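Reading through the structure tokens given below for one structure.
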Amino acid sequence: MTVTLKDVATLAGVSVKTVSNVVNGYAFVKPENRRRVEEALAATGYRPNVGARNLRRGRTGFLALMVPELSIPYFGELAGLVITAAQKRGWSVLIEQTQGTRSRERETLFSLGPHLVDGALVHPEALEAADFPSPGEIPLVMLGEHAVDVPIDHVAIDNVLAAQTAVSHLASLGRTRIAAIGRNPARGTSSQRLAGYREALSSAGLSYSDTLVAPAEKWHRSVGAAAMRSLLASDSPPDAVFCFNDLLAIGALRAVAELGLRVPEDVAIVGFDNNEESAFSLPALTTIAPDKTALAEAAIDLVHRRITGDKALPPQDIQTPFALEIRESTKGR
């Protein structure tokens, strides 16, 4: 038989209202009453009807998360952290994978509405400003770099400064031919990290050269390996490489080893994202480490604020922290 609030209240010796207050997380319940209700909830196995509760509140109980590729560890890790942060607010998360194409991103964005989700977190790669729906349907939070200029909440690290930090580290080691792997004009992230790369070179008194910047249609291991082989086969190979994500860097590490060269003695390598794999590569990878937990929690907090009454608040632009995690690929063992 289904256990009701009244059953729990009878067992605990309190009112149904008191049980409801405990179940809904309200603070104004006497400690002794809270203890008795919690014991009664455990004893009866009561489970709240989340669907009915959300219906009363005019909510669905779901958020959407739109990311390019779950096979890229950064997005898989971010998705897990978003789910954890959302659960604290009573939401479940629907995940959509777009492969970073404009058509799929547009289709996904316009399929979302108040009948399906209460809000959405979007990490666009190819969307343009005209692709976004008119404000007011559901709260939207953009994750990642400013790919497009639209008046919605935005949470990200400073990609330009992070790239600058990575390349400045390489320059501080005395490296003078610092290459970059990951250029892709279709990706907003790429342009941001390329800008930081160029700024760091200029600050270090080093010249920029197109021949030291390798394109990457996909930010995957195999692409990083191929780009590294091409750079090392040139007449003036690099003595250091900044890769725009950790997967490209892991591929680059493999290519260097296959050619009989040493990291970091012959080529120092820095990645970006601080995926778990980066700490266990051989050598361990120096990388930019975004605070992904802070990013996920800030995004969920913005959605919650919009839904619970801050709809008139101007669009927020929140920058979350990052750090340079220095490991063996630049400092040696």
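Scanning segment 5-42 for residues that are open to solvent by 70 Å² or more (accessible area, probe 1.4 Å), outside any helix (DSSP H, G or I) and more than 25 Å from Arg89 (Cβ to Cβ) yields a single hit, Lys30.
Taken over segment 61-84, the criterion of being outside any strand (DSSP E or B), touching a strand residue (DSSP E or B) at 6+ places or on another chain (Cβ under 9 Å) and either among the aliphatic types (A, V, I, L, M) or closer than 22 Å to Thr308 by Cα (or both) is satisfied by Gly61, Leu70, Leu78, Ala79, Val82, Ile83.
Count of segment 235-245 residues, restricted to those that are surrounded by fewer than 19 Cβ atoms within 10 Å (Cβ to Cβ) and at pLDDT 95 or above, is 2.
The set of residues from segment 160-170 being open to solvent by 10 Å² or more (accessible area, probe 1.4 Å) and more than 18 Å from Asp210 (Cα to Cα) comprises Val160, Leu161, Thr165, Ser168, His169.
Here segment 82-95 is the region considered, the condition is being at pLDDT 90 or above, surrounded by fewer than 18 Cβ atoms within 10 Å (Cβ to Cβ) and of a type outside the set (Val, Ile, Thr), and the residue that is nearest to Ile250 (Cα to Cα) is Leu94. Can you confirm whether Thr176 is in a loop (DSSP other than H, G, I, E, B) and open to solvent by 20 Å² or more (accessible area, probe 1.4 Å)? Taking the combined requirement at face value, the residue satisfies it.
Scan (1) under 22 Å from Gly76 (Cβ atoms); (2) open to solvent by 40 Å² or more (accessible area, probe 1.4 Å); (3) touching a Lys or Arg at 6+ places or on another chain (Cβ under 9 Å) for the single condition Glu277 breaks and write down its number. Here Glu277 clears every test but (3).
Of everything in segment 302-324 that's touching a helix residue (DSSP H, G or I) at 6+ places or on another chain (Cβ under 8 Å) and either of a type in the set (D, E, K, R) or under 17 Å from Val160 (Cα atoms) (or both), which residue is least open to solvent (accessible area, probe 1.4 Å)? Among residues in segment 302-324 that are touching a helix residue (DSSP H, G or I) at 6+ places or on another chain (Cβ under 8 Å) and either of a type in the set (D, E, K, R) or under 17 Å from Val160 (Cα atoms) (or both), the one least open to solvent (accessible area, probe 1.4 Å) is Thr320.
Take the residues in segment 108-123 that are in a loop (DSSP other than H, G, I, E, B) and open to solvent by 20 Å² or more (accessible area, probe 1.4 Å); name whichever of them is farthest from Leu295 (Cα to Cα). Give the derivation first.
Narrowing segment 108-123 to residues in a loop (DSSP other than H, G, I, E, B): 112-118, 123.
Cutting the leftovers down to open to solvent by 20 Å² or more (accessible area, probe 1.4 Å) gives us 112, 114-116.
Working: Leu112: 22, Pro114: 24, His115: 26, Leu116: 24 Å.
Only one residue tops the list, namely His115.
The values are calculated or read from the model by the stated rules, or taken from the named source; none is laboratory data. Keep in mind the model is a prediction, meaning the values are calculated, not measured. Note: ideal-geometry Cβ built from the backbone for every residue, glycine included; neighbour counts use all protein chains shown. Just so you know, the surface numbers come from the protein's heavy atoms only, side chains and all, with ligands and any DNA or RNA stripped out. Shrake-Rupley method; radii C 1.70, N 1.55, O 1.52, S 1.80 Å.
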